[in-house]
Amino acid sequence: MALPKIDLPISEITLPSTGEKIKTRSFTVKEEKILLIAGESNDAIVEMMAIKQIINNCLVEGTVDDLAMIDLEYVFLKLRSSSVDNLTKFTVKDPETGESVELELDIDKVECVKDETHSKEVRINEEYVLYLKHPTIDEFAKVLTLDPKDPLTNYFIMCACLDKLASDDEVHNFSDYTPEEIDDFMDGIDGGSIKQIQKFFETLPKLRHEIKYTNSNGNEQTFVIEGIRSFFI
């Protein structure tokens with residue numbers, strides 16, 4: 001007689017970038033093993049791919065391929081909190097004293113910080129509006145393999161986030177065009193439009209949390225946790 005399969009609880013999570021609700025199941029031992037191995041690797045790409053695999057496993061419907069990076073980060077934390085533990089302890093080095101300080105993070109208190117000036121729309125001219133999309137986890141992973149000092153690195157992520165170009169009469173989806181055609185288009189954009197695109201990236205929503213503590217000198221310090229790698233502590 002085969003062992004019975006255990007039904008896992010299903011929950012809804014609201015994506016911070018769109019407000020859309022998705023259904024997920026809890027972690028199993030399989031996902032906890034993936035998380036443990038990724039955390040021990042201390043490798044950013046391994047950790048990101050582990051997050052992608054875990055969320056893909058836990059989604060009741062659909063895949064993670066089209067989810068924005070901020071949504072994957074948020075879903076991962078919510079799953080980590082409900083499936084494992086919302087509290088995690090870790091040690092940091094105090095910048096003033098150099099001493100090790102033990103802190104505790106309540107994952108449920110981590111918030112998605114949004115900039116009110118953030119916009120996916122860039123008006124190119126009186127006729128066309130450029131629409132941008134939030135980068136995916138695969139695009140972030142690709143950036144990690146590139147030289148951060150190379151100006152083409154910023155250009156890659158900029159092009160990866162081009163969604164569509166629209167006027168009152170037509171819509172051009174960038175996924176329908178070759179890299180060469182996109183390069184030709186980007187060469188014709190003026191500096192003002194480029195600045196708006198850069199502002200899009202500067203104001204992207206992000207997970208952020210501050211933990212305050214008092215060091216051995218009696219001074220209050222703030223430890224900032226920001227970005228998904230910080231939550232592998």
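No value in this document is a laboratory result; all are computed from the given coordinates. Remember, predicted model here, so these are calculated numbers, not experimental data. Don't worry about glycine lacking a Cβ; one is built from the backbone with ideal geometry, like all the others, and counts go over all protein chains shown.
After finding the eigenvalues of the alpha carbon gyration tensor for segment 1-146, what semi-axes result from the square roots of 5 times each, listed largest first in whole Å?
On the way: eigenvalues 177, 121, 50 Å².
For segment 1-146, the ellipsoid semi-axes come out as 30, 25, 16 Å.
Under the simplified labelling scheme, the T18-R123 pair shows an inter-label distance of 2.7 nm, with each label point 7 Å from Cα along Cα→Cβ. Rounded to the nearest 10 degrees, the angle from helix 29-41 to the longest Cα principal axis of the chain is 80 degrees. Taking a point 7 Å from the Cα of S11 along the Cα-to-Cβ direction, the residues of segment 101-137 with backbone N closer than 14 Å to it are 107-110. If the label point is 7 Å along Cα→Cβ of Q221, which residues in segment 99-139 have backbone nitrogen under 13 Å from it? From segment 99-139, the list is 99-104. A cut-off under 14 angstrom between Cβ atoms defines the neighbours of S119, and their net charge, with Lys, Arg +1 and Asp, Glu -1, is +1. Partners of K212 within straight-line reach, counting lysines whose Cα lies under 18 Å from its Cα and excluding those fewer than 8 residues away in the same chain: K89, K93, K109.
Remark: segment 142-151, residue by residue, has Karplus-estimated 3J(HN,Hα) of 5, 4, 5, 8, 9, 6, x, 7, 7, x Hz, where x stands for each Gly or Pro and the curve is 6.51 cos²θ - 1.76 cosθ + 1.60 at θ = phi - 60°. Straightening the chain between L152 and D168 buys 2.5 nm, computed as 0.36 nm per residue apart minus the Cα-Cα spacing. The phi torsions of segment 70-79, fed into the Karplus equation with coefficients 6.51, -1.76 and 1.60 and a -60° offset, translate into couplings of 4, 5, 5, 4, 5, 4, 4, 5, 5, 5 Hz, rounded to whole numbers, with Gly and Pro shown as x.
Karplus-derived 3J(HN,Hα) values for segment 119-124, using 6.51 cos²θ - 1.76 cosθ + 1.60 with θ = phi - 60°, are 8, 8, 9, 10, 7, 7 Hz; glycine and proline are entered as x.
Throw me the Rg/Rh for segment 20-63, computed over C-alpha atoms with Kirkwood Rh, two decimals. Could you put the intermediate results ahead of the total?
Values: Rg = 11.1 Å, Rh = 10.9 Å.
Taking Rh as the inverse mean 1/r over Cα pairs, Rg/Rh reads 1.02.
Spin-label model, K199 to C159: label points 7 Å out along the Cα-to-beta-carbon direction sit 2.5 nm apart. Entry note, segment 1-136: relative contact order of 18 percent, from Cα contacts under 8 Å with a spacing of 6+ residues. The separation of segment 169-221 from segment 88-165, counted between C-alpha centres, amounts to 7 Å. For the chain, the longest principal axis of the Cα atoms and the long axis of helix 44-58 meet at an angle of about 80 degrees. Considering helices alone, the calculated mean residue ellipticity of the chain at 222 nm is -11000 deg cm²/dmol, with DSSP H runs of length four and up weighted by -39500 (n - 2.57) and normalised per residue. Distance between the 7 Å Cα→Cβ label points at V113 and S175: 3.2 nm.
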